[in-house]
Amino acid sequence: MRFLMLMIPKVYQGAGSRSLPQDFAPSPDAVERMTRYNERLAQAGALIALDGLHPPEKGARLSFQGGKAQVTDGPFTESKEVIGGYWIIQAASMQEAVGWAKQCPADEGDAIEIRQVFDPSDLPDDVRKAAASSDVEAALEAQAKRRSK
């Protein structure tokens, strides 16, 4: 099973996020600790993908009402939890995914949300058929090839 682990860092939340400098980056120590964790995931064969995200001030959020998109530039003051990064991992169960998340070198006040990723076999036939797209499959295969180089 695949799981998405969403990092919700305290530094990106509320008023603290608005006080981050424009060129914010995590500290070398924090990155080094996280890299060691990511290496353990990779060595165990659990790591599928991961990325860190810029602060919400550099983002945009779209909401949809009446068939139209409304764009709001960051920061998002109405948000209670802002994502700072993610991992996609392979695990045999939710309990195993939770075990991996417990090992994360998170800072005080950070949170990780874990969600199982839908596998096509989880979906009814009509939903699988509606989701089928040779263009999307080809783009994902090409992306996987680029990443493996």
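No value in this document is a laboratory result; all are computed from the given coordinates. All of these numbers come straight from a predicted model, not from anything done at the bench. Glycine also receives a Cβ, built like all others from the backbone with ideal geometry; neighbour counts cover every protein chain displayed.
Brief remarks on what is shown
- Residues considered: 91, 139, 25. Largest GNM mean-square fluctuation over the chain, using C-alpha springs under 10 Å, is found at 139.
- Using C-alpha pairs below 8 Å separated by at least 6 residues, the relative contact order for the chain is 40 percent.
- If you wrap the Cα atoms of region 18-85 in a convex hull and average its projected area over all directions, you get 6.7 nm².
- Positive-pole candidate from 37, 56, 95, dipole of region 2-117, charges at beta carbon: 95
- The simple spin-label model puts a point 7 Å past each Cα toward its Cβ; for residue 102 and residue 145 those points are separated by 4.2 nm.
- Calculated FRET efficiency for the pair residue 132/residue 62, C-beta based, R₀ 35 Å, to 0.05: 0.85
- Shape call, region 86-149: gyration tensor on alpha carbons, a/c limit 1.5: oblate
- At the listed q of 0.12 Å⁻¹, the Debye profile of the chain, built from one uniform point per Cα, gives log10 I(q)/I(0) equal to -0.68.
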